[in-house]
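What follows is a single structure, written as C-alpha cells, with notes after it.
The values are calculated or read from the model by the stated rules, or taken from the named source; none is laboratory data. All values reported here derive from a predicted model rather than from experimental measurement. A quick note on method: Cβ atoms are made from the backbone with ideal geometry, for glycine too, and the neighbour counts reach across all protein chains shown.
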Amino acid sequence: MSQAPSPRERDRRGFLKMIAAAATVLPVAAHAQAPAPSTPPATPPTPAPATPAAPAGPEHSTGEARLLTEVLRSRYPDRFNETQWASIASDFDGDLAGGKRLRAMKLTNGDEPDVTFRA
Amino acid sequence: MPDSDLLYTPVRALAAQVKSKKLTSVKLTETCLERLDTLGPKLNAVVTVMRESALAEARAADAEIAKGRYRGPLHGIPYGVKDLLATKGVPTTWGAEPYRNQVFDHDATVVKKLRDAGAVLCAKLAMVELAGGMGYNQADASFTGPGLTPWNTSFWSGGSSSGPGAAVGAGLVPFAIGSETSGSIVTPSAYSGVTGLRPSYGLVSRHGAMALSWTLDKLGPMGRTADDCALVLAAIAGPDPEDVSCTGRLFPWKETQKPTRALKVAVPKGCIEKVQPAVRENFEASLAKLGDSIKVTRDVEWPDLPWGPAVGTIVNAEGASAFLELIDSGDVTKLRCPACRTGGYSALLTPAVDYVHAMRARRPMRAAMKKLYASYDVVATPTRATVAYPIDKEFQAVYPGVSGGPPIIAAGNLTGLPALALPNGFGENGLPTSIAFMGAPFSEALLCSLGALLQSRTDWHTRKPPAFA
C-alpha cells in the first residue's frame, strides 16, 4: 500500500536535493568555518561502556561526516558551539567507518534480521 | 566477627546464620545501611539509601523465619540495585540529571522476584548516566560523580554498573544487581574486584529496567563469589509476561557441581599478547590453578566478523530511539560528561539499512559462536586488558598500546552469551585484575561451577580493600 508523502518525507527529499547540490562546496565551506580539531572519539577505546569503541577520529573529518553534521546543524541550528559540532563530526567519522566495516560483511539475500515479528 | 566482616561474607554463609537465627536480618541490614551511609559517599556509589523500607523488610524476614517460614538462601539478605531498576515510590534516576526526580509507580520484575525470595533492598546504586548510551569517554559521567574503586580511590570502579561494583567491592552490600548492554557488568566487576555474572539474553526479565538497547540489554548479579551469583540468578531468572524477550527458562541452583570431566577451554588468539603484564601473569596463574580440571587449547582463531561495528550500530539506532525525546529536546545537554551531551546526535542519523544489516549479521554471528562452542565448553580471557582507568583522564589517553585482542565482549553480547568475571589477582597501583569465562547460551551452571572451582583453590575473592575493611 502506498501512502502520501508526509511533510517529514517531503522535507527529507528537499534536504537530500540540497545535500546533492552542496556536496561539492559544503566540505570546503565547513572546513573554512570550523576546522575539526583533533577531538577524541566520543566513546572509550575499549568496550567497557554500553557504547563500543569508535576508531580514533582523523585530524579533519571526512566530507561525508561534515555533510551529516550540517544535516544536524540545520535541524538544531543554535544548540552547539563549534567545538561541539566538531566533536559530532568526529562521531560521524567513527560511525561511518563502522558502517563501512559492517556493510563489508557479505550476507545472502535470504539472511533475515535476527528478530521475529509476530502477529 | 566484626560487623564489617559480615558484608564480606558469601551469601550462602550469611544465609546459614540467618536461617539458624544466629544472625538476624535486622542486624545484617543495619550494618549494611550504616556502611552505605558512611562509606558509600566516599566511593560515589550510592544514589538513594532505602533505610525505612529496608528495615521493615528485614523485620518481616526475621518474623517469618522465627515462625519457621524460611524462603531460601536470600531470605533476610540485604542487597542493592543499579539505579536503572524501577522501585515504586523511590526515585529512579538512570544516573542522569534530567531524570533525577523520576519516580515510578511500580517495581521492576527483578525487584519483585528478589522480594519474593525474601531479600532486603537497601539502596539504589550509582551508574554511568543512561548506562553509557550517549558514549562517555571519562569516568566522571554521572550526576553522582565518578564511581571509585575501593582498591584505590584515584581510579574508576568501572561502568556502567559503577555503583554495584564499588558497593560490593567495599562490602557495603553482599550482592547487587547490575545491567549489561556491552560490558557493563563484567567491566565494573573486574575493576572493583568482585564476581559478576552476565546471564544469557532472555534468562532474566528486563521489565522495569531502563531500556537502552532492547536486543542487547541484560540484568545480572554482582557478588562476592560465583556461588553467590548463581544463588541470585536462581531467584531472578524465569518467565515474565511483561518482557517478551524472556524465554521462560528457570535456573535451578542448589550447590556447585564439580565438573565430571576436563572442560575444554579455548583461549582466543591475540587475547593475552598485548594486555598489561600483571593481567597476563594472573590469567596464566588462574588457568594453572584449574590444573587437570580443564584442557586448554591456545591460539584459537576468533571468527573474523564485524562485532564492534555491529554492536555500535545497534546501540546507536536503538539507543537514539529509546532517548529520542531527550536528544531532540536538547535535555541531553544536561548530562555530566561533555561527550555524552553531543554523543547521541550522530546516532540520530544511523542509516536504517545499517541497522537492519547489523541485525541480519547476528544470525551468521550466532552460527559462528555455535560452531565454536561445538568444540569447546568455555572461552577464557582476561576480563579486561588493563586494570581500572584513573578518574582524572580521558580513557583513550591511558594505557596506550594495550589491547585485549579480539572483541570478545562485543561478540558475547551480540550473540546473547553468558559470561562470568572473577577476581584473579592485582596489577598496577594495587588494582584488581580479572578472568572471564564465557559459555554457550544458558550454560550459566557450568560457568558458575567452574568459577566456584577456581575460587575454591584461590582466595582473591576473599580479599578486602584495606581502606574499607
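Quick notes on this structure:
- Residue match in the stretch B:282-289 (condition: more than 27 Å from A:F80 (Cα to Cα), more than 10 Å from chain A (Cβ to nearest Cβ) and outside any helix (DSSP H, G or I)): no
- The stretch B:34-53, residues that are buried (at least 24 other Cβ atoms within 10 Å of the Cβ) and among the hydrophobic types (A, V, I, L, M, F, W, C): B:L36, B:L43, B:A45, B:V46, B:V47
Here's the yes/no breakdown for (1) surrounded by fewer than 23 Cβ atoms within 10 Å (Cβ to Cβ); (2) touching a residue at least 60 places away in the same chain (Cβ under 8 Å); (3) of a type in the set (G, A, S):
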{"residue": "B:G343", "(1), (2), (3)": "no, yes, yes"}
{"residue": "B:M359", "(1), (2), (3)": "yes, yes, no"}
{"residue": "B:R384", "(1), (2), (3)": "no, yes, no"}
{"residue": "B:Y399", "(1), (2), (3)": "yes, yes, no"}
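- Those helices (runs of 4 or more DSSP H) lying entirely in the stretch B:1-117 with at least 2 residues at pLDDT below 95: B:3-6
- Of the residues making up the stretch B:99-115, one or more are closer than 30 Å to A:G94 by Cβ and either crowded, with 24+ Cβ neighbours inside 10 Å or more than 14 Å from chain A (Cβ to nearest Cβ) (or both).
- Within the stretch A:60-103, the residues that satisfy the criterion of being of a type outside the set (S, T, N, Q), more than 19 Å from B:T313 (Cβ to Cβ) and more than 10 Å from the chain's Cα centre (by Cα) are A:H60, A:G63, A:R73, A:R75, A:Y76, A:P77, A:D78, A:R79, A:F80, A:E82, A:W85, A:A86.
- Restricting the stretch B:307-323 to residues that are more than 8 Å from chain A (Cβ to nearest Cβ) and touching a residue at least 12 places away in the same chain (Cβ under 8 Å), the residue that is surrounded by the fewest Cβ atoms within 10 Å (Cβ to Cβ): B:A322
- Residues (under 28 Å from B:R360 (Cβ atoms), of a type outside the set (G, A, S), part of a helix (DSSP H, G or I) and more than 7 Å from chain B (Cβ to nearest Cβ)) located in the stretch A:74-118: A:D93, A:L96, A:K100
- Strands (runs of 3 or more DSSP E) enclosed by the stretch B:371-464 - at least 1 residues per element that are β-branched (V, I, T): B:378-382, B:432-439
- Scope the stretch B:255-293; condition modelled with pLDDT under 95, surrounded by 14 or more Cβ atoms within 10 Å (Cβ to Cβ) and either among the β-branched types (V, I, T) or farther than 18 Å from B:L446 by Cβ (or both); matching residues: B:T256
- Selection count, the stretch B:355-380, where residues are among the β-branched types (V, I, T) and at the interface with chain A (Cβ under 8 Å from one of its Cβ atoms): 1
- Of all the residues in the stretch B:189-221, those that are of a type in the set (S, T, Y), more than 9 Å from the chain's Cα centre (by Cα) and within 14 Å of chain A (Cβ to nearest Cβ) number 5.
- Segments classed as strands (runs of 3 or more DSSP E), wholly inside the stretch B:156-233, with at least 2 members that are over 16 Å from B:G95 (Cβ atoms): B:195-198, B:218-223
- Test result for B:A131, closer than 28 Å to B:C340 by Cα, within 14 Å of chain A (Cβ to nearest Cβ), in a helix (DSSP H, G or I) and not hydroxyl-bearing (S, T, Y): yes
- Counting residues in the stretch B:338-347 that are touching a helix residue (DSSP H, G or I) at 6+ places or on another chain (Cβ under 8 Å) and more than 10 Å from chain A (Cβ to nearest Cβ) gives zero.
- In the stretch B:40-62, the residues that are of a type in the set (A, V, I, L, M) and within 17 Å of B:Q17 (Cβ to Cβ): B:A58, B:A61
- Selected residue (criterion: surrounded by the fewest Cβ atoms within 10 Å (Cβ to Cβ)) from residues of the stretch B:324-336 that are assigned to a loop (DSSP other than H, G, I, E, B) and more than 9 Å from chain A (Cβ to nearest Cβ): B:R336
- The residues on offer are B:A266, B:A262, B:A230, B:A237, and the sole one that is away from chain A (no Cβ under 14 Å) and under 23 Å from B:T462 (Cβ atoms) is B:A230.
- Selection status of B:A352, more than 11 Å from every other protein chain (Cβ to nearest Cβ), out of contact with any Gly (no Cβ under 7 Å at 6 or more places or on another chain) and either over 30 Å from B:G270 (Cα atoms) or crowded, with 20+ Cβ neighbours inside 10 Å (or both): yes
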